[in-house]
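So the structure is just underneath, and the comments pick up after that.
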Amino acid sequence: MLTLANLFILLLLAGIGAWLWHTHGLREQALAAVRQHCTKVDVELLDDNVALRSFGLHPDARGRQRLARIYDFEFTVTGEQRYNGNIVMFGHHVARIELGAHPFPAPPQPPHQHSAEVIQLDQWRRTHPLHEQRHH
């Protein structure tokens with residue numbers, strides 16, 4: 001026999017299950033957004049994972065408090081060091097992705113440009129003896 005208490009428990013469990021299913025979908029969206037961002041800024045997402053750090057009120061771009069999920073993740077630039085980042089989600093909307101302080105790789109030099117080279121003065125004098133003679 002289905003009592004009112006049993007019906008309440010059944011609806012409560014169904015609601016919790018639906019919330020967990022919805023939350024899993026949001027986590028997958030956050031992970032996809034982080035993957036895309038890491039590719040765009042040329043860093044490597046580590047562990048292919050985002051972890052829920054907090055769920056609560058967070059200010060949006062206009063300063064209004066909204067319910068937000070904040071996920072943390074780790075990334076690397078060189079493959080040696082791990083750095084932290086986070087993504088703020090307002091429902092299905094990505095509010096912000098932040099990467100922690102990390103080194104930026106030097107941009108590659110185009111082949112037609114010469115890179116700067118440090119020359120020691122005594123070495124230069126040995127390779128340019130005529131210049132030294134003219135000043136004496």
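Key figures
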read-out: Sequence-separation-based contact order of the chain, relative, with Cα cut under 8 Å and 6+ spacing, percent; value: 15 percent
read-out: Accessible area in square angstrom per residue, the stretch 26-103, 1.4 angstrom probe; value: 60 Å²
read-out: In the stretch 21-64, the trypsin sites (Lys or Arg not before Pro) that fall in loop regions by DSSP, at most 10 other Cβ within 10 Å; value: R62, R64
read-out: Spacing of the two label points (7 Å from each Cα toward its C-beta) at D42 and H22, in nm; value: 4.1 nm
read-out: Pairwise label distance in nanometres, D60 with A14, each label 7 Å out on the Cα-Cβ vector; value: 3.1 nm
read-out: Counting all C-alpha pairs of the stretch 26-103, share separated by more than 16 Å (%); value: 46 percent
read-out: Folded to 0 to 90 degrees: helix 4-40 orientation relative to the chain principal axis, Cα; value: 10 degrees
read-out: Percent accessible area from carbon and sulfur atoms, the chain, protein chains only, probe 1.4 Å; value: 59 percent
read-out: (i) 59, 31, 23; (ii) 112, 32, 24; (iii) 40, 30, 25, with the label sought being that of the calculated Cα extents along the principal axes in Å; value: (ii)
read-out: Accessible surface of L45 - all protein chains present, 1.4 Å probe, nearest 10 Å²; value: 30 Å²
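The values are calculated or read from the model by the stated rules, or taken from the named source; none is laboratory data. If you're wondering where the values come from, they're calculated on a predicted model, not measured in any experiment. Positions of Cβ are backbone-derived with ideal geometry, glycine not excepted, and every protein chain shown enters the neighbour counts. Only protein heavy atoms, including side chains, enter the accessible area calculation; ligands, DNA and RNA are left aside. Shrake-Rupley method; radii C 1.70, N 1.55, O 1.52, S 1.80 Å.
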